[in-house]
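The values are calculated or read from the model by the stated rules, or taken from the named source; none is laboratory data. As the structure is a prediction and not an experimental result, all values here were calculated from the model. Backbone-built Cβ (ideal geometry, glycine too); neighbour counts: all protein chains shown. Just so you know, the surface numbers come from the protein's heavy atoms only, side chains and all, with ligands and any DNA or RNA stripped out. Shrake-Rupley method; radii C 1.70, N 1.55, O 1.52, S 1.80 Å.
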Amino acid sequence: MKRSALAGLTVLFMGCAIAGIGIGEAPAERQAAPAADAVAAAKLRIAAGGAATARGRALFEDEGCDNCHSIAAIGADGKLGPRLDTIDDDAEDIAESIVAPREDIVDGFPEKLMPSDYGQRLSDRQIADLAAFVAAAAGTEPEGDETAGESGEGRGRGRGRGESPGRGRGRGGANG
């Protein structure tokens, strides 16, 4: 009888841990959602974004990014990773975060939460398309900039330049 009670408590505890009961809010829940006008603007940017943005949005959903990341303009409400509609990274930095998610972790998020194999699983064009979509959602690319992913050319897998001022842990990057 004691063993079955202990087993029952263990199952209950594990179920609560999986459901997140009793462990407080997820780091993403502490990130403020964008205001209604920012969401409306993001919807317009995504709709006007062109082919790369459309392909990136489809990949975002197909790859399950929406299970972990929030983007209010498309109804993605993941709570495990950082919000992507409030970041200030451009498409190049977003692509780097997709390919090398352990390089620059947003404060408060686990270091090994995001899969690190997107650089192997996705083509350069797919990475660029995802980055174009996230940049459109966040409003970090100039309007009408369809250069990301259109040529099919490769993107640098490394930073290819020195660290910019202000880069570092907690800057609000796309990974997490």
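Miscellaneous remarks
- Pair list, Cβ < 6 Å and 6+ apart or interchain, from region 29-46 residues that are at pLDDT below 95 to residues that are open to solvent by 50 Å² or more (accessible area, probe 1.4 Å): Glu29/Lys79; Pro34/Thr86
- Just one of (1) at pLDDT 95 or above; (2) surrounded by 14 or more Cβ atoms within 10 Å (Cβ to Cβ) fails for Gln120. It is (2).
- Residues being at pLDDT 90 or above, surrounded by 15 or more Cβ atoms within 10 Å (Cβ to Cβ) and closer than 18 Å to Glu63 by Cα are entirely absent from region 164-175.
- Here the condition is being open to solvent by less than 40 Å² (accessible area, probe 1.4 Å), without any contact (Cβ under 8 Å) to a residue 60 or more places away in the chain and either on the phi > 0 side of the Ramachandran plot or assigned to a loop (DSSP other than H, G, I, E, B) (or both); of Asp89, Asp85, it holds for Asp85 alone.
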